[in-house]
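Quick notes on the structure that follows.
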Amino acid sequence: MTAVVILPGLDGTTSLLEEFCSAVAERGVPAHAIAYPRDRPLGYNELEPLARAQLPSSRPFVLLGESFSGPLAIRIAAAPPPGLVGLVLSTTFARAPVRGISALAPLVRFAPARPPMPLLSWALLGAWATPHLQAQLAAALQSVTPAVLRLRAAAAMCVDVSELLGRIRVPVLQLTANNDRLLAASASAELAKSLPSCQTIALLGPHLLLQTATQQSAQAVAAFALGLGPNNSSKPTPLRGAA
């Protein structure tokens, strides 16, 4: 059976993805997230071999890259390991998500050790913020050292894996959030344009889509995975999005 393996957002933990993994599993698709080191400042180059080493070796799987991890998932899919049958990109990007932001990357080291929760909540959760989600987000970020978060943020501001998109041969599902306050719309448009096998589903929600539109996201991802097999590289049956 095809499984779903998730590469997490900037926090790099699995705690924010537990409910989503359960929702996918309830639909008949095993799902789990890979955690990144919480105390080692590693960029995309260093995280890639760590992620590859934790991918399934004896079963077909779909790789899901969330937010920060989208470029990492693209790198892996461009040089696919055995068993990779599909790619999901959730509220993510192939290059720096805001035009010109790479010039500000050196200034990240001066950012507050812990950005204020009201700002994070506004950018990541928006109108979907609840005390429970805010507490989960705060706990996940506080479990990671500030140096690690700063390096990952700087890496995301400078990344550009757009030239790798043409090498991806597996079917791709892109999940976008209609109320994403963090990513420019051009980020998802570039992915859709550059990936011929890409199907885009827009869901109602903020940047942290898997945490706020959990059931809708899980339904889309599970249906995508169930439509794929180890030897199926064709475009899956279209899914209906929710606007």
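Structural remarks
- Residue, farthest from residue 9 (Cα to Cα), within the stretch 118-136, restricted to residues that are in contact with a helix residue (DSSP H, G or I) (Cβ under 7 Å, 6 or more places away or on another chain) and in a loop (DSSP other than H, G, I, E, B): 129
- Residue within the stretch 91-105 that is more than 17 Å from residue 9 (Cα to Cα) and modelled with pLDDT of 95 or more present: no
- Checked against the criterion of being surrounded by 15 or more Cβ atoms within 10 Å (Cβ to Cβ) and either in contact with a Phe, Trp or Tyr (Cβ under 7 Å, 6 or more places away or on another chain) or modelled with pLDDT under 95 (or both), the candidates 175, 165, 151 yield just one match: 151.
- Restricting the first member to the stretch 184-197 and to residues that are closer than 18 Å to residue 170 by Cβ, and the second to residues that are in a helix (DSSP H, G or I), the beta-carbon pairs closer than 8 Å and six or more apart or on different chains are 191/165; 194/162; 194/165; 194/166; 195/165.
- The stretch 137-163, residues that are of a type in the set (Ser, Thr, Tyr) and assigned to a helix (DSSP H, G or I): 162
- Selection from the stretch 178-197 of residues that are in contact with a helix residue (DSSP H, G or I) (Cβ under 6 Å, 6 or more places away or on another chain) and surrounded by 14 or more Cβ atoms within 10 Å (Cβ to Cβ): 179, 182, 194, 195
- Note on the stretch 5-60: residues that are part of a loop (DSSP other than H, G, I, E, B) and among the acidic types (Asp, Glu) amount to 3.
- Consider the stretch 224-243 and keep the residues that are aliphatic (A, V, I, L, M) and surrounded by fewer than 19 Cβ atoms within 10 Å (Cβ to Cβ). The one that is modelled with the lowest pLDDT is 243.
- Those residues of the stretch 47-72 which are over 13 Å from the mean Cα position of the chain (by Cα) and more than 14 Å from residue 36 (Cα to Cα), in sequence order: 56, 57, 58, 59, 60, 61
- For the stretch 206-222, taking the residues that are buried (at least 18 other Cβ atoms within 10 Å of the Cβ) and over 15 Å from the mean Cα position of the chain (by Cα), the one that is nearest to residue 168 (Cα to Cα) is identified as 222.
- Breaking point among (1) loosely packed, with under 15 Cβ neighbours inside 10 Å; (2) within 18 Å of the chain's Cα centre (by Cα); (3) hydroxyl-bearing (Ser, Thr, Tyr), for residue 130: (2)
The values are calculated or read from the model by the stated rules, or taken from the named source; none is laboratory data. None of the values given here were measured: they were computed from a predicted structure. No Cβ is skipped: glycine too gets one built from the backbone with ideal geometry, and neighbour counts run over all protein chains shown.
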